[in-house]
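K.L.:
Take this structure first; my questions come after.
The values are calculated or read from the model by the stated rules, or taken from the named source; none is laboratory data. Values in this document were obtained by computation on a predicted structure and should not be read as measured data. Cβ atoms come from the backbone with ideal geometry, glycine included; neighbour counts cover every protein chain shown.
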Amino acid sequence: MRSQLRELMRIQKAFKDTEIPDSEPFDYPGIDPTITYFDGKLRKGAIIFYGGDGCAWNTQTGGCFICPYSIAYEKIGYTQVNVRNQIEYLRGLESIKDLELLYLFPFSSFDEREVSKTNQQLLWEILSGLDALEYVVFESRPEYITPEILRGISEKLPDKKICVFMGLETSDDFVRKYCINKGFTFKTFHRKCQLLEEYSMYPCAFVLLKPPFITEKEAITDCVTTIHDCIDMVLNVIVMCANTSHLTIMELLSEMGMYRPPWLWSVVEVIEQLDIPQKRKVQLGGIYTSGKPKNLADYVQVNNCPAFYEYPHNCGTCDKEISEILADFNLNIFREFPSCSCRGEWEHELKTGHAHLRQRLPILYDRLIHYAASRTRGQ
C-alpha cells in the first residue's frame, strides 16, 4: 500500500500544479473578529490569517489529502517581503488593540521556510505591544516545535499565554498516514505536548471529523476516540468538520461518489458522547449557518486559492437550525436539537455494513488511481 500512497501523493501534487490559476500575492492579512469560549470563559478575539511562503510538507509529498491551501500559496509566489508586509500591517491596527485572544494561522507559524526567523521575531515584537492581549494562538506542524523557537517566544512574549495548535486530526496512526497523509505519529504529538508544557505553553489540537476513505460510523467513532485520547493533554480541541475542497484527493473521491462531508447529525452525535467538562474544552469548525463558508475560506478565495464547495449538511430542511445550535455550542450554550425525518436516513447509513478499513483501503486506492488517470486523459 505504500507504493499506492506515493502515487496518490503524486496525483494530488500534479492536480494542484496544473489547475491552480496564477495570482498576485497580497500585502495584508485576513482579519475576522470572533467571540468564542476559550479556557473557561467567553473571549473577544480575532482570527488573523496571512499567507506564507508555501508548505514544506506539501513540497515533499503533495500535502495532506484534505488541504487546498498550501500549494496554492506556494504557486501564488509569496516572498518573505510579502509576509513581512502582512505582519507590519498589524502594527497599530485599532481593531485588534482591545482583544484578549488572537489566532494566528499560517500553516506552520514556526517553519522558517514559511515565515522566516526575522519575520517571526517581528510578529512577536508587535504582539508584545498589545497590552490587552492575553492569549496568542499559533499553529504549527509538530516538527517545527523546538526548544529554540519556544525559548524565543518566551523571551519576547513573557506576559502572554501561548497556545499552539497541531493538526493531530486523529489518534489513529493508520488513518492519519493512509487516509490523510499527515506525516507524523500520535507519539510525536504527545512528545510535543510535553515540550510545550516544559515552557509553560498550552498545546491544543485540531481533530478532523470524517477524513477521506472512512465511513460515517467510523468517522464518529474515530473523532470521539481521538478527543478522549488527547483531551487531557491539551487546553483546547477544535473539531474540524470536513469540507470538500477543490484540488484535493477529497474532490476526486467526491466526483466518484465515494465521499461526502459529515452529516450534521454526526456532529451532534460526537458532542453528545462528551461529558460537560469535555464539551467545555471542545469547539467546532467548518459549520456554516449561512449555507456557505465564512472566515478563512473567504480569504483564500480572494486570492484565487481553491475554495470549499461542499460542507457538513443534512437534508437541507433542518440544516440552518441545527447549524445555529452547533454555533451556540462554541459559546458554551448547550441547546436541544430538533427532530427531522432525515435522521432516519442517517441512522440507516450508520447501520450499513462495510469491510474493515484496512481491507477496503487498497481497493479504494486502486479505484482512485484509475479514476485520476482517466480524468487526466479526458482533459
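K.L.:
Are there any pairs with C-beta distances below 6 angstrom linking a residue in segment 141-156 that is among the basic types (Lys, Arg) to a residue that is outside any loop (DSSP other than H, G, I, E, B) and surrounded by 15 or more Cβ atoms within 10 Å (Cβ to Cβ), with the two at least 6 apart or on different chains, and if so which?
P.N.:
Within 6 Å, the pairs are Lys156/Trp124; Lys156/Ser128.
K.L.:
Another one. For segment 52-75, which residues satisfy the criterion of being assigned to a helix (DSSP H, G or I) and either among the polar types (S, T, N, Q) or at pLDDT 80 or above (or both)?
P.N.:
Scanning segment 52-75 gives Trp57, Asn58, Thr59, Gln60, Thr61, Ser70.
K.L.:
What helices (runs of 4 or more DSSP H) completely inside segment 251-354 contain at least 1 residues that are surrounded by 14 or more Cβ atoms within 10 Å (Cβ to Cβ) and at pLDDT 95 or above?
P.N.:
Hits in segment 251-354: 264-272, 276-279, 319-329, 342-351.
K.L.:
So, in segment 198-214, of the ones that are closer than 24 Å to Leu350 by Cα and of a type in the set (A, V, I, L, M), which residue ends up surrounded by the fewest Cβ atoms within 10 Å (Cβ to Cβ)?
P.N.:
This residue is Ile214.
K.L.:
Right, Asp222: surrounded by fewer than 22 Cβ atoms within 10 Å (Cβ to Cβ), in contact with a Ser or Thr (Cβ under 6 Å, 6 or more places away or on another chain) and among the acidic types (Asp, Glu) or not?
P.N.:
Here the answer is no, as Asp222 does not meet what is asked.
K.L.:
Mind counting the residues in segment 104-138 that are crowded, with 16+ Cβ neighbours inside 10 Å, modelled with pLDDT of 95 or more and not in a helix (DSSP H, G or I)?
P.N.:
7
K.L.:
So how many residues does segment 145-179 have that are more than 17 Å from the chain's Cα centre (by Cα), of a type in the set (A, V, I, L, M, F, W, C) and part of a strand (DSSP E or B)?
P.N.:
Number of matching residues: 1.
K.L.:
With respect to Lys192, is the statement that it is in contact (Cβ under 8 Å) with a residue 24 or more places away in the chain, surrounded by fewer than 17 Cβ atoms within 10 Å (Cβ to Cβ) and part of a helix (DSSP H, G or I) true?
P.N.:
No.
K.L.:
Among the residues of segment 256-281, which ones are of a type in the set (D, E, K, R) and free of Cβ contacts under 8 Å to residues at least 60 places away in the same chain?
P.N.:
Arg260, Glu269, Glu272, Asp275, Lys279, Lys281
K.L.:
Please state which one of Lys182, Lys217 is outside any strand (DSSP E or B), buried (at least 23 other Cβ atoms within 10 Å of the Cβ) and either of a type outside the set (Gly, Ala, Ser) or in contact with a strand residue (DSSP E or B) (Cβ under 9 Å, 6 or more places away or on another chain) (or both).
P.N.:
The conditions single out Lys182.
K.L.:
If you don't mind, another one. Kindly list the number of the only condition in (1) at pLDDT 95 or above; (2) out of contact with any strand residue (DSSP E or B) (no Cβ under 7 Å at 6 or more places or on another chain); (3) in a helix (DSSP H, G or I); (4) within 26 Å of Tyr311 (Cβ to Cβ) that fails for Ile227.
P.N.:
Failed condition: (2).
K.L.:
Next up: Restricting to segment 240-250, count the residues that are under 22 Å from Lys177 (Cβ atoms) and outside any strand (DSSP E or B).
P.N.:
Residues in segment 240-250 being under 22 Å from Lys177 (Cβ atoms) and outside any strand (DSSP E or B): 6 in total.
K.L.:
If you go through segment 209-249 one residue at a time, how many are within 30 Å of Gly152 (Cβ to Cβ) and among the hydrophobic types (A, V, I, L, M, F, W, C)?
P.N.:
Of the residues in that region, 8 qualify.
K.L.:
Against the definition (within 17 Å of the chain's Cα centre (by Cα), more than 25 Å from Ala355 (Cβ to Cβ) and not aliphatic (A, V, I, L, M)), how does Pro142 come out, yes or no?
P.N.:
So Pro142 fits the description; yes.
K.L.:
Mind checking whether some residue in segment 207-225 is touching a residue at least 24 places away in the same chain (Cβ under 8 Å) and under 19 Å from Pro147 (Cα atoms)?
P.N.:
no
K.L.:
To continue, here is another question. Is segment 231-249 home to any residue that is charged (D, E, K, R) and modelled with pLDDT of 95 or more?
P.N.:
Yes, segment 231-249 has at least one match.
K.L.:
For the list (1) loosely packed, with under 12 Cβ neighbours inside 10 Å; (2) at pLDDT 90 or above, I need the number of the one condition that Gly378 fails.
P.N.:
The single condition Gly378 does not satisfy is (2).
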